[in-house]
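Since the structure comes first, as structure tokens, the remarks are kept for the end.
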Amino acid sequence: MEKNVTVIPQRERPENEKIPVAVYCRVSTKAERQGDSLENQITHYTAAIGDDPRYDLVEIYYDFGISGYKEARPGFQRMMDDAEAGRFRQVITKAITRFARNTRTVLESTRRLKELGIGVYFELQGIDTMSQEGELLMTLYAAFGQAESEGARMHTLMALKRKYDEGRPPRQIQRSMGYSKGPDGEFYPDEYAPLVLQMYEMAADGYTAAQITNYLNAEGVTNHNGCAFHRASVTRLLRNPVYKGDFIGQRHFVDENRKLVKNNGEKPMLYIEDDHVPIVTRQLWEKAQETLDAATHKVVPTESQPMDLTDENYPYRHQLFCAECGHRLIRSVRAGRVLWECNGKTRFTQDFCSGVSVTDDEVHSWLPLDGPQYVFATIEKGKITGHDHMPESEWKKDHSKKTHIAKAPELNEENYPYMNRIYCKYCGSRLRRIITNAGKVIWICDGLSRQGKKFCKGVRVPDEKLTALREVDFDVYIGKEKVNGTESYGYSRKPDKNHGRG
């Protein structure tokens, strides 16, 4: 039986129709010569394709300072998204190793583009994936490229292991606030050492990392990078044995997927006592650890502070409000402690309200409560010493509840998976979310917001520009630069020279 087959002829391109073309460039490090290489590639392709009557250059996609072994490259991901949207019909790149170092990534990406009717042309190898022999040749070259990359990685790991075996691991103690590296290669305490000592003394006296953070920021104290303190960075500083003069090597390592992970015993670690000049005594360091541990492992008695959030367990839960913005306090449980925190700050960030956070123990000391109470912090000499409250009738004499005109998705990692991993390229400060009255979500430099333009020119990134970062699992520094006269957002693994987040 003959089958009825309809042959659809390939669409012929009109003689004067140009092919929409995309270009992909990548350099793997942020070295100055690599920056020049990227700029040269962009200049080359802009001129070459612009002069070719066959092509219409749609966009040049690029990644700077990101290994080709990684699949999560912002520029590459954006190119693939635009391919799905049908923005171009051809991709040109310098070489297979510039496209990707991972054979699987090369094959999967080029096959997907081919399904979309998009060919990839690798200039150095002279391979076009739309040709019959293209995929075979590309597979061979990609495999060689991956083997070369793996070989270089193994040589690096062997050299690193040799240094550890000889008891002279690479050290970068100068990255820790309070230390600098001298011309002789030795590490010594610098002008920030007294601040580190003060933080350890406060911790030993019973102050939590959150209280120390609040105190430093209230006093306008900044870290060695000129940035405001965050609780996580203060906690890391107070837990770091480098400040008692010791060094731990290989606390983190790069796994087979080339991701930096915490060493939980998979690799041998090297502990060197009295490695360098300490900033704090061993006795002070140990005392700080004891007080921090006591606060972290405090267990709430279930008889007096049950975990179930019910009116029976917490009859006052609908009576607590923030005295600054008027929004309700909501319960949170951290490190075994029940806290009541401002929902206005949680929903709209500290631009809307600096917020209040009071322990359930302190609320219990106020019982019984007579109607709704508005809670505020008591501050002495720039330090939060406790909290107090006032009845609703008194609060409403001089205040009214703040409202936020626009709504946006709740600020959490499900809606914004990159929220804790994006930083300003120019000063290293974290980017934080703001919501415009029109409902537009923008991420801005916290350094600019806190300390003004004299500190950092800052960056403002619309949330829709961060789509490519949803699958990225590393810290990203974002800046806005001009490439060939066009403003675009750039992503890198490191901040500008001489800057970095604390």
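The values are calculated or read from the model by the stated rules, or taken from the named source; none is laboratory data. Nothing here was measured: the structure is a model prediction, and the numbers come from that model. Positions of Cβ are generated from backbone atoms using ideal geometry, with glycine treated the same way; all protein chains shown enter the neighbour counts.
Checking each residue in region 30-42 for being at pLDDT below 80 and either in contact with a Phe, Trp or Tyr (Cβ under 9 Å, 6 or more places away or on another chain) or of a type in the set (D, E, K, R) (or both) picks out Lys30, Glu32, Arg33, Gln34, Gly35, Asp36, Leu38.
Here Leu216 meets the list (1) within 25 Å of the chain's Cα centre (by Cα); (2) modelled with pLDDT of 85 or more; (3) not β-branched (Val, Ile, Thr); (4) not in a helix (DSSP H, G or I) almost entirely, failing just condition (4). Thr105 falls short of the stated requirement of being in contact (Cβ under 8 Å) with a residue 60 or more places away in the chain and either in contact with a His (Cβ under 8 Å, 6 or more places away or on another chain) or among the hydroxyl-bearing types (Ser, Thr, Tyr) (or both).
If you filter region 420-456 down to residues that are at pLDDT 85 or above and polar (S, T, N, Q), you find that the one that is nearest to Val472 (Cα to Cα) is Asn420. With respect to the conditions (1) modelled with pLDDT of 90 or more; (2) surrounded by 16 or more Cβ atoms within 10 Å (Cβ to Cβ); (3) in contact with a Lys or Arg (Cβ under 8 Å, 6 or more places away or on another chain), Thr281 lacks only one, and its number is (2). Can Val242 be described as in contact with a helix residue (DSSP H, G or I) (Cβ under 9 Å, 6 or more places away or on another chain) and at pLDDT 75 or above? Spelling it out, Val242 is indeed in contact with a helix residue (DSSP H, G or I) (Cβ under 9 Å, 6 or more places away or on another chain) and at pLDDT 75 or above. Applying the set (1) at pLDDT 85 or above; (2) among the β-branched types (Val, Ile, Thr); (3) surrounded by fewer than 22 Cβ atoms within 10 Å (Cβ to Cβ) to Val91 leaves exactly one unmet item: (3). Filter region 43-78 down to residues that are modelled with pLDDT of 80 or more, under 22 Å from the mean Cα position of the chain (by Cα) and not charged (D, E, K, R) and give me whichever is surrounded by the fewest Cβ atoms within 10 Å (Cβ to Cβ). Selected residue: Gln77.
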